[in-house]
2 protein chains.
Amino acid sequence: MAELATWSDGSTKSTIVDFVGRVTAEDGPDHVPPDARVAVFDNDGTLWCEKPMYIQLDFIVRRLAEKAAADPALRDQQPYQAATTGDLNWFGGAITKHYQGDDSDLKVLAAAVMSLHESMTVEEHAAKVSAFYAEGQHPTLGRPYRACTYQPMVELLRYLEAHDFTCYIVSGGGRDFMRPITTSMYGVPPERVIGSSVGLDFADGHLRTTSTPEFLNDGPVKPVRIWGRTGRRPIMAVGNSNGDIQMLEYAHAGPGPSLSMLVLHDDADREFDYVAGAEKALNEAQAKGWTVASIRSDWATVFD
Amino acid sequence: MAELATWSDGSTKSTIVDFVGRVTAEDGPDHVPPDARVAVFDNDGTLWCEKPMYIQLDFIVRRLAEKAAADPALRDQQPYQAATTGDLNWFGGAITKHYQGDDSDLKVLAAAVMSLHESMTVEEHAAKVSAFYAEGQHPTLGRPYRACTYQPMVELLRYLEAHDFTCYIVSGGGRDFMRPITTSMYGVPPERVIGSSVGLDFADGHLRTTSTPEFLNDGPVKPVRIWGRTGRRPIMAVGNSNGDIQMLEYAHAGPGPSLSMLVLHDDADREFDYVAGAEKALNEAQAKGWTVASIRSDWATVFD
């Protein structure tokens, strides 16, 4: 039986063990049959590192730079110029301006990102993603991106599965950006990865990406897509940011036992220390009694 | 090991057995690893009976009649009048007019059908569906709807699973109209049911239906949603109508071995005899060498 060896002894670990014990106790009042033991996990900041920037943003910046290399006319335009010169502040600035009410740079960025998806087969896209994971290095942690998963969370996935849970990844990140790597990194196969996507076109026997977004899997869209994909309400949900609130609420509001948990990034030494983008989620956690897992206190080990 | 006992000996059964034998032969040139053995099945006319009308249409007619019973002002309006008086020809006529270029009745029908979904939790919807299946009787076959599944197809699902295939239902019918019954009827759990849906809203911890269609899972949308849900290209696809062509083509166009199969309804004595709506699919089958399973010749038994 998988054990939570990299979780420090304390109330968070006890809460998890107690919850799993209750839902699996055959004759107990909180027993949940195995096929209803569904757990959902956000990805960025929950299963793997999301700082100093989303790993998918690095993938996008590299592809923008590749595109500019192939078409020099693009190099003087944003976001290609920033991608080519490695000016990551431009990308951060586009987001900051957005929150200040100025979407001009964000629109330029979004249009370029969407154009990257113009007419490529899903297999070609997957090959580009795999090539990125094969060599991508985290800029500050000194490890490959594919080793940026949180070991206690991988252990939690295995622990839940050992108790007949089915675990899904439910991320705002790109569905087809995660799938090529989730089996080897998390042991979660492609059919259990729920994420954002551009629209796809079918022609001549093949599926091709389009430059039109289909949906952004964040906030209230997460419960909608969990149901769409599974036809079940999860009994456990784990996230780390405001975009996870509704998913955690969905698990929490079910008729039976549930565990909603937030990962708190409070460890500048071993990972990062931030609450930006998680303030509302942390307030909700306090108001509703959700569990907060502190990286500093609850994880004996962060990375493998 | 599950056997195809209700399939008559002949070329169709041999084709299936041979295909499964090839993809499972460990050292053979056509070996496919278990996690890539994905098979997709249309529902109406493929796994269960679709004549004299879609079973879901009966469900809809009953709900329109219920709504008119609760609100007598509706009884003089279509489609409530037709639903209340059991005038099924009106519903058929709306479809016929549509194919003749007159969408007036179809629009009236569609608006009423969508209004049935106004703000109900997905659990309430599932309860209505389950109540329908508990008592719904097929109008001519003398059996409950829940016993209108084709026994050879249920056997085929078990046969494939016994050889480590994962089977999905991929139907133009309502996703959440199928899910409450697919586990008991087909042994296919809700997370492996792909179908059409209205949009859902999340609020106060619950998902509610809306009166806005989200997507119609038919034709070229089938491959798109198969990928969206599974992240894999199926190696086997089974359908029976023009709406299944792209799904069958998707399996067929893969790089490895595949089996694309159409069910031919040619048995007026035991089921129904029709090709309307399947003409193009049957032509494609001939052109591309897809397998055609004749109900009359290939199925020793039709219903359990």
Tell me, please, whether a residue that is closer than 23 Å to A:HIS206 by Cα, within 11 Å of another protein chain (Cβ to nearest Cβ) and either surrounded by fewer than 23 Cβ atoms within 10 Å (Cβ to Cβ) or free of Cβ contacts under 8 Å to residues at least 60 places away in the same chain (or both) can be found in the stretch B:261-282.
-> no
Would you confirm whether any residue within the stretch B:69-92 is of a type outside the set (Phe, Trp, Tyr), within 22 Å of B:ALA276 (Cα to Cα) and in contact with a Leu (Cβ under 7 Å, 6 or more places away or on another chain)?
-> no
When the stretch B:7-37 is checked residue by residue, the ones that are in contact with an Asp or Glu (Cβ under 9 Å, 6 or more places away or on another chain) and hydroxyl-bearing (Ser, Thr, Tyr) are B:SER8, B:SER11, B:THR12, B:THR24
Within the stretch A:177-200, identify whether any single residue is touching a strand residue (DSSP E or B) at 6+ places or on another chain (Cβ under 6 Å), over 27 Å from B:MET247 (Cα atoms) and not basic (Lys, Arg), and answer yes or no.
-> yes
Can you name every residue in the stretch B:217-249 that is of a type in the set (Gly, Ala, Ser) and not in a loop (DSSP other than H, G, I, E, B)?
-> B:GLY228, B:ALA237, B:GLY239, B:GLY243
Can you pull out the residues in the stretch B:81-91 that are surrounded by 14 or more Cβ atoms within 10 Å (Cβ to Cβ) and part of a helix (DSSP H, G or I)?
-> B:GLN81, B:ALA82, B:ALA83, B:THR84, B:LEU88, B:TRP90, B:PHE91
Any residue in the stretch A:289-304 that is part of a helix (DSSP H, G or I) and touching a helix residue (DSSP H, G or I) at 6+ places or on another chain (Cβ under 7 Å)?
-> yes
Picking from A:PRO190, A:PRO234, A:PRO223, which residue would you name as being within 8 Å of chain B (Cβ to nearest Cβ), modelled with pLDDT of 95 or more and closer than 25 Å to A:GLY277 by Cβ?
-> A:PRO223
Filter the stretch A:202-220 down to the residues that are touching a residue at least 24 places away in the same chain (Cβ under 8 Å), facing another protein chain (nearest Cβ under 8 Å) and more than 21 Å from the chain's Cα centre (by Cα), then identify the one that is farthest from B:PHE177 (Cα to Cα).
-> A:HIS206
Only one of B:HIS125, B:HIS117 is touching a strand residue (DSSP E or B) at 6+ places or on another chain (Cβ under 7 Å), at pLDDT below 95 and crowded, with 19+ Cβ neighbours inside 10 Å; which?
-> B:HIS117
Conditions (1) modelled with pLDDT of 95 or more; (2) among the hydrophobic types (A, V, I, L, M, F, W, C); (3) surrounded by fewer than 20 Cβ atoms within 10 Å (Cβ to Cβ); (4) in contact with a Gly (Cβ under 8 Å, 6 or more places away or on another chain); number of the one not met by B:ALA25 = (4)
Can you pull out the residues in the stretch B:96-147 that are outside any helix (DSSP H, G or I), aliphatic (A, V, I, L, M) and over 19 Å from B:LEU47 (Cα atoms)?
-> B:LEU116, B:MET120
Return the total of residues in the stretch A:3-28 being charged (D, E, K, R), in contact (Cβ under 8 Å) with a residue 24 or more places away in the chain and part of a helix (DSSP H, G or I).
-> 2
All positions within the stretch A:29-58 that are in a helix (DSSP H, G or I) and over 25 Å from A:ALA268 (Cα atoms) = A:PRO34, A:ASP35, A:ALA36
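The values are calculated or read from the model by the stated rules, or taken from the named source; none is laboratory data. For clarity, every value in this text was computed on a predicted model and none was experimentally measured. A quick note on method: Cβ atoms are made from the backbone with ideal geometry, for glycine too, and the neighbour counts reach across all protein chains shown.
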